[in-house]
Structures are given as structure tokens and as C-alpha cells.
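Read through the structure below, which is laid out as C-alpha cells, and then see the notes.
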Amino acid sequence: MAGTYSLSGKLALTVPLAIRGQPTLIIQRLRQAWRGVPIFSFVMLTGAILCALFAPLLAPYDPIKTNPVHALAAPSLSQHVLGTDHLGRDVLSRLIYGARISITIGFLAVFVAGSLGVLIAVVSGVYKGWIDRILMRVTDAFLALPYLMIAVTVISILKPSMLNVILVIGLLRWMDYARVLRGEVLRLSETDFVRLAVVAGCTQRQIIMRHIFPNIVNTLLVLTSLGVGAGVIAEASLSFLGLGVPRPLPSWGTMLAESQKYLYTAWWLPLIPGLTISLLVMSSNLMGDWLRDRLDPTRRQL
Amino acid sequence: MKLYMAKRLCEGAATIWIVTLVVFALLRITGNPVDFLAPPDMPWTDRAYLREAYGLDKPVWQQYLLFNKSLIRGDFGKSLRGNQDAALNVLLERVPATMQLTAAALLFSIVLGIGAGVVSAARPNSIYDRIGKVIAIAGQSMPVFWVGLLLILVFTVYLGWLPSAGGVDRLGLLGLIMPAISLGWLLVASHMRMVRSSVLDVLDADYIKMAHVKGLPWRLVLWKHALKNAAIPVFTLFAVNFAHLVSGAVVTETIFAWPGIGRLLVESILARDYAVVQTVVFFAAMVIVVVNILVDLMYAWLDPRIRVAG
């Protein structure tokens, strides 16, 4: 087969060169690229992102408005599909608005962590020597930090807010990116095409931006996908402890924390937000697994 | 070996130093620690006095030297609550409860992880393997606190079998079951995957085939020969996970009102008792670093190649 192995950082496809640009074959090509995509994950993630974007349109009630008359109403098809909480707030609406918080924090925390990790990996892998050694020692030290404890402490000092949660999760979670990507950068910097680029007179900036970075995008994508799930759990844990997003914003973690007092009367309060978190995290993990297999067939599944 | 040991110890010390730096920086960059320590209605003159007493009127580098000096002496400051006990003693009182919880959680995850891992590795792609995979995926996705809430919902609220809050001293071993499962649940997945892949690796080896050929029952080959040889990486993971459980117990201890250091941390944060907060964070970091060093040394002792390469 007239295959091309794309090094450009996009999905590596095996497609005859001649068919590029023909509409029906583009569809075929797309279908091939998406082969085996975990449908469930894809639907869940898209659904969550849509909920986050269009929360005001989708939510049947105001997520913050209390309605004591209808407090702790059980799920019913006629009024509150997923019931109400102890203040009479609609659980479904809070869940939909909560997607906003979880998705925003999950993605932005990963963005912070990923950026810092890529920066450290590239500096470490390109400059090598003592810079590399110091940066890797710092990375190891961060890996040995009691992550949740420090997060809780820092946020309690800085005051809980969305921005602080994003920064704290991001700044405590960059080590995986730094370590894994540094290995890739080191390997790449020994390859012939990078050496030839040096010979051809490329500046360091060009080499990093055009030759090294595009080749670590695949790995970065996999780590990111796995990281979103971890970010969502971290946000929920902090909110659960009362140190995440401040009330009355409807974070899923906060909803679970509030449900603790009503375990005897309202089973849907602990069940529904927890299930939502788990399904979203599971989707992100499965997506990451799929991307890993898809982008790097040589990798064995551990 | 001695050189390797010295190197690892230095690295461990460097890590601890970074932790102290982080804590120091945190308590300083965010403003004046006195403002956190002092009650809001404390008069201005008292604040000034406190600032002087804590050495906060000095330049930052001098403060940092002082901070390190008291750390080396093991002086972590005094708790604000109760009878102003030393923060270290407040911490040490709570350590046994956390150790009980983490040990039980680890035991749970090891037993389940090894069992499920070996069974899945013995017959890859069988129904058992698939069930194991589902458990692993579910385990990684469910937040610890939700597992805890579900357990309470089922076993306390509906079945009424187990108490939902406690500590071994108050409730005995019965109260340990649910906290241990909820904390250990997260690790079942990682232990299972690790056991599965290590055993699969070992099963390829010639001595396994030999044992099989010479007529040993498959059960014995699998659980004795294969598992023993797969044990090193697996054991490493157990130890490293144990260290992280100590710090990860914050949420579980909060749900089950478990009187350990995680609960202490949250209580102290709410009470703005930052001397204790700082001590707890140090302690957890210490546990992680010490366990990591021990694991590395043990690894080097078992496998000479690491000594040379490291």
C-alpha cells in the first residue's frame, strides 16, 4: 500500500496519496481515523461540553434559586426529573451548570499543567546537562509532595475561587507531562532529521517549534486526555472538602458534600452527581486509552 | 552500594528541603502569617507584638534561616487550640489512626489486586479478564468520596450492618471496613493492572514452561512460580502507593469522621491552626520520601544492575 507515515503530529494515516482531496474518500479517510473510537466516551464528553456551553438554555430551572416548599422532592417525570436538594434547588439544573465548572476547571487545569510540563520538558531535553539535572530533581521533589494536602492548604490560604483551584491543580500536576515528554524530546534531539536541521542552519527556535514540538503533540494529547479526568476528580475532591468553588455555585463535589446530611432521606442526592463525575472521568480515561492505542500502535497496554 | 545509598539519601534530603521551601513560601507570599494566626478581633498592638515574637519584622532571608533552625530542632511551633500543645505532639496523637486506615486499605487493595490480576493474567481475554478490566476502569473513575458515600448508603442506611463513622478505638474493626474499602478501591485498579502485566511477562519465561512441562499442576506454577517472580515491581508499587495513601486519606477521613491526620489537617485549616497544618504536610511528605528511599534501596539490594546504572 502506498502508505505515508505522517510525522506532522496529526493522526498517522495510511492513505494512498492519489486519493487526497476527493470528497467521498475524505469521508472514508475520516471514518478510518475514527475507527474504534469509544462511542460512549465521545458522546459523554461532547454532551458535557454542550451542557457547559449552553447551560442556560438546557437547564429547566435556575440552579441557585431556592424553593423550600419543594425541598428534597424525589425524582419524578412531572416536575423535577432528578429531584431537588435540601433547599429545593433542581438537581438536574445544578448538574448541567456543574458541567460548566467541572469542564472549565478540568480543561484549564490541564492546560496549565500541560504548558508548564511541556516548557520544562523542552528546556530539559534541549539544553541537557546541569539544567536538565536540576529540573528533573525538582520534578521528582514535586512527585513526592502530598498533593491533596498541599492543594487543600494552599487554597485555604488563598481563599477558594475558580481561578485558584485551576492554578493549584495545574501547578501540582505538571510532573507527568515533564517526565514523559522530556524523554521524547531527548530521543528526538538525537534523530537524524533534527541533526540535519541543525546542519541546514535552523535556529534553535525553529528546531524546537517546527521539528521537536510537532512530534511530541501525540503524547501530549494522550496525557491531556487522561489528565482531564484527574482534574475533574481533583476539583470535585476540593469542592467536597469545601475548599473548591465557593457556594452557592453548583459544583458536583459541593453537591456530594451537601448530600451527606440527607443520606437517610434522599438517595438521589449522593447518587446522581457521583455517577456523573464517574462517567465523565471514565470517558476521559477511555478516550486517552484509545488515543494512545490509535497514535502509537507499538505501545503495549499495561 | 554505599555510593548509591548516599546518593539516594541526598536526593531525599533535597526533596524534603523543597517541601520546606514550598511551605515557607506559602505562608509568606500570601501575606502576613500573623493575619492568619490571629483571631480577627485582635488589637493592632498585639499583632505587632506577635509579629516581633515570631520574628516577622526581620527581612525575609533572616526569617528563612530562623525557620530552618527551628525545623532542625524539631520545633514545629505550637497548636493554637486546646492547651497549646506542641504541634508535633498533636500530630503524633493522630498518626496511629491513619496508619490503621491506610494499612487496612492497602491490604484490601493488595488482596483484591493480586487475586484479580493473577486470574486475568492466567487467561487473557477470558471472561475473568474482561470483568477485571471493567473493575479497573470503574475503580479509576470513581472518586474516593463517592465510593465512601455509596458504601454508607448501602451498608449503613439500607442494610444497617456497619457503622458509618468512627475509628478503631471507638468502634472496633467493624468500623474499619468501609473506610478501608473506599480508600483502597482507587488502588485496586492500579494493583490489578500491575500484577496482570508482570505475571504475563513472567509467564513467557522458559522456567515457567519448564515447570509446566515437568508436570507441576498449573495452579502451583501460576501462584507460586509466576507470582513470586513477578513480585518485585508489584511490591514496589505497593510501597509507593502506601506512602501516597497517607496523604490521600484526607477525603476518606473526612467522610467517615476518622480521627487521623487527614481529618486533623482539615480541622486545623478550618481553625486556622497553621502550625499544625504545616506539621501535617511535612509529616506526609516525609513518609513519602522515606518510603521512596527504602523502596529504591531494597530494589538496588535485590537487583545489582540498578546499583551500577544508578
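Each reported figure results from applying straightforward, stated rules to the coordinates on display, with no laboratory input. Keep in mind that this is a model prediction, so the values were computed, not measured. With ideal geometry, Cβ positions are generated from the backbone for all residues, glycine too; neighbour counts draw on all protein chains shown.
Within a 10 angstrom radius of the beta carbon, how do A:Arg294, B:Arg123 rank from fewest other beta carbons to most?
B:Arg123, A:Arg294
Show me, for segment B:258-274, the HN-Hα J-couplings you get by feeding each phi into the Karplus relation (A = 6.51, B = -1.76, C = 1.60, θ = phi - 60°), rounded to Hz, glycine and proline as x.
Each residue's phi maps through the Karplus curve to give 7, x, x, 6, x, 4, 4, 4, 5, 4, 5, 5, 5, 8, 6, 8, 6 Hz.
Which one of A:Ile207, A:Gly242, A:Tyr177 is farthest out on the positive end of the charge dipole of segment A:150-302, using unit charges on Cβ (Lys, Arg +1; Asp, Glu -1) and the Cα centre as origin?
A:Ile207
Taking amide H positions as placed 1.01 Å from N in the peptide plane, with prolines and chain starts having none, which residues 5 or more places from B:Gly77, or on another chain, fall under 5 Å of its amide H?
B:Ala87
For chain B, what does the relative contact order come out to in percent, with C-alpha contacts under 8 Å and a separation of six or more?
About 26 percent, as a whole number.
Please sort A:260-273, B:275-288, A:104-117, B:205-218 by packing, taking for each peptide the average over its residues of neighbouring beta carbons within 10 angstrom, highest first.
Per-residue mean Cβ counts within 10 Å order the peptides as B:275-288, A:104-117, A:260-273, B:205-218.
Taking 25 Å as R0, compute the FRET efficiency from the Cβ-Cβ separation of B:Arg73 and B:Arg47 and round it to 0.05.
0.45
Residue farthest toward the positive end of the dipole of the protein assembly as shown, with Cβ of Lys/Arg at +1 and Asp/Glu at -1: which of A:Leu30, A:His80, B:Leu245?
A:Leu30
Step through the table entries B:Lys7/B:Lys224; A:Lys159/B:Lys78; A:Lys65/A:Lys261; B:Lys2/B:Lys78; B:Lys58/B:Lys78; B:Lys7/B:Lys69, compare each Cα-Cα distance with 29 Å, and write down the pairs that go over it.
From B:Lys7/B:Lys224; A:Lys159/B:Lys78; A:Lys65/A:Lys261; B:Lys2/B:Lys78; B:Lys58/B:Lys78; B:Lys7/B:Lys69, over 29 Å: B:Lys7/B:Lys224; B:Lys2/B:Lys78.
Check each of the trypsin sites (Lys or Arg not before Pro) in segment A:37-116 and keep only those in coil by DSSP with at most 11 other C-beta atoms within 10 angstrom; list them in order.
Qualifying residues, ordered by number: none.
Given Cβ point charges of +1 (Lys, Arg) and -1 (Asp, Glu) and nothing else, what value in debye, to the nearest 20, does the dipole of chain B about its Cα centre take?
Here chain B has a charge dipole of around 1020 debye.
Once phi is turned into θ = phi - 60°, what whole-Hz ³J(HN,Hα) does the Karplus curve with 6.51, -1.76 and 1.60 give for every residue of segment B:125-131, x standing for Gly and Pro?
Result, rounded to whole Hz: 6, 7, 4, 5, 4, 5, 4.
In µm²/s, what is D for chain B at 4 °C and 1.567 mPa s, where D = kT/(6 pi eta Rh) by Stokes-Einstein and Rh is the Kirkwood radius from Cα pairs?
58 µm²/s
Among B:Val295, B:Gly139, B:Val118, whose Cα projects farthest towards the positive end of the dipole of the protein assembly as shown, with charges put on the beta-carbon of Lys, Arg (+1) and Asp, Glu (-1)?
Comparing the listed Cα positions along the dipole, B:Val118 ranks first.
Over chain A, what is the mean sequence separation of C-alpha contacts under 8 Å (at least six apart), divided by residue count, expressed as relative contact order in percent?
This gives 22 percent for chain A.
Let me know the charge dipole size of chain A about its Cα centre in debye, to the nearest 20, where only the beta-carbon of Lys, Arg (+1) and Asp, Glu (-1) is charged.
Charge dipole of chain A: 640 debye, to the nearest 20.
Working from the alpha-carbon coordinates of segment A:128-270, get Rg over Rh, Rh being the Kirkwood radius.
Over the Cα atoms of segment A:128-270, Rg/Rh equals 1.15.
Over the whole of A:245-254, what's the average partner chain Cβ count within 10 Å per residue? Rounded to a whole number, please.
That average works out to 1.
What does the average come to when, for each residue of peptide A:151-158, you count the partner chain Cβ atoms lying within 10 Å of its Cβ?
That average works out to 6.
Once amide H atoms are placed 1.01 Å from N in the peptide plane, what residues at a sequence separation of 5 or more from A:Tyr61, or on another chain, have their amide H within under 5 Å of its amide H?
Amide H neighbours of A:Tyr61, under 5 Å, 5+ apart: A:Ser93.
Note down the magnitude of the dipole of the protein assembly as shown about its Cα centre, charges +1 on Lys and Arg C-beta and -1 on Asp and Glu C-beta and zero elsewhere, to the nearest 20 debye.
It comes to approximately 1560 debye.
With θ set to phi - 60° and the Karplus curve 6.51 cos²θ - 1.76 cosθ + 1.60, what are the ³J(HN,Hα) couplings of segment B:59-69 in order, to the nearest whole Hz, using x for Gly and Pro?
Ordered by residue, 3J(HN,Hα) equals x, 4, 5, 5, 4, 5, 4, 4, 4, 5, 4 Hz.
What do you get for the angle between helix A:129-143 and the principal long axis of chain A? Use alpha-carbon atoms, 0 to 90 degrees, nearest ten.
Once rounded, the angle reads 20 degrees.
For the pair B:Ala239 and A:Val69, how long in nm is the line joining their label points, each one 7 Å along Cα→Cβ?
In this crude label model, B:Ala239 to A:Val69 measures out at 6.5 nm.
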